[in-house]
Every structure is written in structure tokens, then in C-alpha cells.
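I have placed the structure first, in the form of C-alpha cells, so that the comments after it can refer back to it.
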Amino acid sequence: MVESVVARTPVRHHTLCDSLFRYAEFLKFGEVHVKVDEATGLKAIVAIHNLKLGPAIGGCRFVTYATADKAIEDALRLAQMMSFKSAANNLPHGGGKAVLIKPKRMRNHEAYFEKFGEFVEALGGRYITAVDSGTSPTEMDIIARRTKFVTCTTTYGDPSLYTALGVRRGIEAAVKFKLDKDNLDGLHVTIQGAGHVGYFLAEDLTARGARLTMCDVNKVALQHCVDKFGVATCSPEAIYDVKADVFAPCALGAILNLDTINRLNVPIVCGSANNQLAHHNYSTLMHERKILYVPDFIANAGGIIHVAVLYDHGDLRRVEQQVEHIYDNLLGIFEKAAQQDKATNEVAEKLALEKLR
């Protein structure tokens, strides 16, 4: 019995490694670094997708994963998106992502993130870490004790505000191109998600005269938007069916699939969620339905522009100027996609890949 188990085990690992290497090759990686520290419980993956434009920059995700291979897949997928985001928005950085597999029991919070800081420092500046799901400026402050290759510390401010600004500029560009309208007054926008970005976006849009319908599984966060901005609400499942001018996904990724795209009752989709398309080819389906899809890695780039430009230059005015440029960048992509009769995502990704090569 023992012999048969020993014989089978390498085969299982060989299959897993093969699939991960194939996925990395498909995404055109890059480097993948792994760190395990028994004393703190740290299990960390740093995926560096591309360094052609400069050192990789991307968030540090600290969440629970069902399996280690799911964590690695997440790191690879998100790092590639960060490469596209940096290239498409003219940042002198490559794409990277750190994924920390959240332990069932945290032994010492500060020691854990200090150890991760040592891991980042050991990479010699090839990767600059930042806030992501499960981490905050507080964790970045701890990481900064062990490395200078970190941004989004408490001295930087909240990047969500600039992510929301970029999404608003994306909506304005889409409204100009699709609806030939120079302002948002009277437009109906549905926002999926009332978290940090959703809240700031709601504040910005209502100040410009837009009418909002919002949803969120977090009823407290949703009620806060109702109380502050007088938004209408609907259930999370019903948001796809609401007739409006713009649908703004600002929560989970992979929400645009065959079912939800066919239910959409809007001419424009523009939001802050990462990897909104459940499959790359679904942008073609929206193109066929005459829905103008604003590529997520351009619309939601305000946050990474904020942290990257502050890290590189320490100039907040320069941040604002570059986020504002999202409007012109998108108009160029919309026009090119219309000329070529192609999906906007396809055109935007091709432009980013040309820079990365």
C-alpha cells in the first residue's frame, strides 16, 4: 500500500506543475517566486509578468484559498492584468502581483508582514508591492519596515478615490462616444458594489447630475449610499436587468458571462472591478450586442496611477493629470475599435501587448 501511494504522488504533482507552467506560458510570463516561512505561517507567491517597461508593481492580496494552485493561478492572472494596466496607461512599470495564502490562525500579524517585506526586499526591486484585497495601508507600513519597495503606506492616502475618478472619466468618454453627450446630467447609472470605489463613484456621479441605482450584498454599505446620495437600490441579482444608460461593475470580477451579458439593458459598461469578463471572448458578444465595453484595465487604472506616480515622483498634481488622460486614451480606443469593427477589449489589449514587446 505504501509503495503504491509513493508511486502515484509524483504523477499528481507532475500534472499540477505542468498545468501551471502551461498557464504561465499562455500568459507570457515572466517569473514566479515562492516564499514559505514556518515560524510566521507565511506562504507567499510573487508573480512578475513583465519587466520591459520597468519594475513590476501590483497589489498584495491576503485572502483564503481552497488550494495552493488556485492561489498561484490568481497571482498569474492578476499580474498579467497589471502589465496591461501599466502599459495601456503609460506607466514605466511592469505587472506584478503578490498573493499571500491567509492562514487559519495568525500567530503574529506584524511578524508575518515583516517577513513578507523581507521577501520583497530579496527580489531587489524587481517587484513593488501595494494594497489589494485583504490588506490596507497599515500592512504596507509594516512591510515598509523591511523594504523600500512598497507603496500605498498611510502617507499616500486612499487610492480608491483616484480609481473612482478614472472610472468617472471612462464613463464620460463612453457617453461622449456612444451617446454623443458632453455631460452626465440626467443619465441613469447602475453601480454594482457600494464599497470604497463604489461610494466615491456614487458621490462623483450624483454631483454631476446622474441618477443612480445601486446594489451590494453589504446592506450597511448600501444604506450609507442611500443616506448620503439618495440612490435607488435593487437586489444584487436584479442589477443586470435594470434599464439604464451605464452599468458600472465595482465589486467582484468575472461577472460578465453569457447569462448576464444577454440580460444587460444598457448601451455602456464601465466599472472598476478587475477581470470583469468571465471569458476573454465575451467582449465580442457585447460588441455584437452593440454594447460599448470600456476595458476594465484602463477604466480602473486610477488607483495604480496614484500609487505608481507618487512612488516614482511624489507629485499628486501629476497623478491627477495622468488619471484625467484616461478620457482621451479611451476615446482613441473606441474610435480604433469602430474603424476595425472589433471589440474594444481586443483593441486595447493589442495596443498594450505592442508596448510590452
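Could you check, for the stretch 202-212, whether at least one of its residues is in a loop (DSSP other than H, G, I, E, B), on the phi < 0 side of the Ramachandran plot and not polar (S, T, N, Q)? Yes, the stretch 202-212 contains at least one residue that is in a loop (DSSP other than H, G, I, E, B), on the phi < 0 side of the Ramachandran plot and not polar (S, T, N, Q). Scanning the stretch 239-270 for residues that are under 16 Å from Asn281 (Cβ atoms) and crowded, with 17+ Cβ neighbours inside 10 Å yields Ile255, Leu256, Thr260, Ile261, Val269. In this structure, is Asp216 of a type in the set (Asp, Glu), closer than 20 Å to Ser160 by Cα, in contact (Cβ under 8 Å) with a residue 24 or more places away in the chain and surrounded by 15 or more Cβ atoms within 10 Å (Cβ to Cβ)? Against the criterion (of a type in the set (Asp, Glu), closer than 20 Å to Ser160 by Cα, in contact (Cβ under 8 Å) with a residue 24 or more places away in the chain and surrounded by 15 or more Cβ atoms within 10 Å (Cβ to Cβ)), Asp216 qualifies.
Anything in the stretch 171-194 that is among the small types (Gly, Ala, Ser) and either in contact with a Cys (Cβ under 7 Å, 6 or more places away or on another chain) or at pLDDT below 95 (or both)? List them, or say none. Let's see the steps before the verdict.
First, pick out the residues of the stretch 171-194 that are among the small types (Gly, Ala, Ser): 173-174, 186, 193-194.
Answer for the stretch 171-194, where residues must be among the small types (Gly, Ala, Ser) and either in contact with a Cys (Cβ under 7 Å, 6 or more places away or on another chain) or at pLDDT below 95 (or both): Ala174, Gly193, Ala194.
Taking Val167, is it touching a Ser or Thr at 6+ places or on another chain (Cβ under 8 Å) and either at pLDDT below 95 or under 26 Å from Gln276 (Cβ atoms) (or both)?
Numbers: touching a Ser or Thr at 6+ places or on another chain (Cβ under 8 Å): yes; either at pLDDT below 95 or under 26 Å from Gln276 (Cβ atoms) (or both): yes.
Yes: the conditions hold for Val167.
Kindly establish whether Thr190 is outside any helix (DSSP H, G or I), under 27 Å from Val220 (Cα atoms) and in the same structural domain as Pro295 (by TED's automatic domain parsing). Yes: the conditions hold for Thr190. Those helices (runs of 4 or more DSSP H) of the stretch 276-350 in which at least 2 residues are surrounded by fewer than 24 Cβ atoms within 10 Å (Cβ to Cβ), considering only elements entirely within it, cover 282-288, 302-313, 316-324, 326-340.
Which one is nearest to Ser160 (Cα to Cα) among residues in the stretch 184-213 that are among the small types (Gly, Ala, Ser) and more than 21 Å from the chain's Cα centre (by Cα)? Full working, then the answer.
Our first condition is that a residue be among the small types (Gly, Ala, Ser); within the stretch 184-213, this holds for 186, 193-195, 198, 202, 207, 209-210.
Filter again for more than 21 Å from the chain's Cα centre (by Cα), leaving 186, 207, 209-210.
Details: Gly186: 25, Ala207: 18, Gly209: 21, Ala210: 20 Å.
Of everything passing the filter in the stretch 184-213, Ala207 is nearest to Ser160 (Cα to Cα).
Being within 25 Å of Gly195 (Cα to Cα) and small (Gly, Ala, Ser) holds for only one residue in Ala111, Ala122, Ala130, and it is Ala130.
If we keep just the residues of the stretch 65-124 that are under 16 Å from the mean Cα position of the chain (by Cα) and of a type in the set (S, T, N, Q), which is surrounded by the most Cβ atoms within 10 Å (Cβ to Cβ)? Out of the qualifying residues, it is Ser83.
Evaluate the stretch 143-162: report whether one residue or more is farther than 27 Å from Ala79 by Cβ, in contact (Cβ under 8 Å) with a residue 12 or more places away in the chain, of a type outside the set (S, T, N, Q) and surrounded by fewer than 24 Cβ atoms within 10 Å (Cβ to Cβ). No, the stretch 143-162 contains no residue that is farther than 27 Å from Ala79 by Cβ, in contact (Cβ under 8 Å) with a residue 12 or more places away in the chain, of a type outside the set (S, T, N, Q) and surrounded by fewer than 24 Cβ atoms within 10 Å (Cβ to Cβ). Quick check on Arg211: is it basic (Lys, Arg), touching a His at 6+ places or on another chain (Cβ under 8 Å) and farther than 24 Å from Asp132 by Cβ? It is true that Arg211 is basic (Lys, Arg), touching a His at 6+ places or on another chain (Cβ under 8 Å) and farther than 24 Å from Asp132 by Cβ. Under the condition of being surrounded by fewer than 22 Cβ atoms within 10 Å (Cβ to Cβ) and among the hydrophobic types (A, V, I, L, M, F, W, C), which residue from the stretch 46-61 is farthest from Lys28 (Cα to Cα)? Per the criteria, the residue is Leu53.
The values are calculated or read from the model by the stated rules, or taken from the named source; none is laboratory data. Note that the structure is predicted; figures quoted are calculated from it, not measured. Using ideal geometry, Cβ is built from the backbone for each residue, glycine included, and neighbour counts are taken over all protein chains shown.
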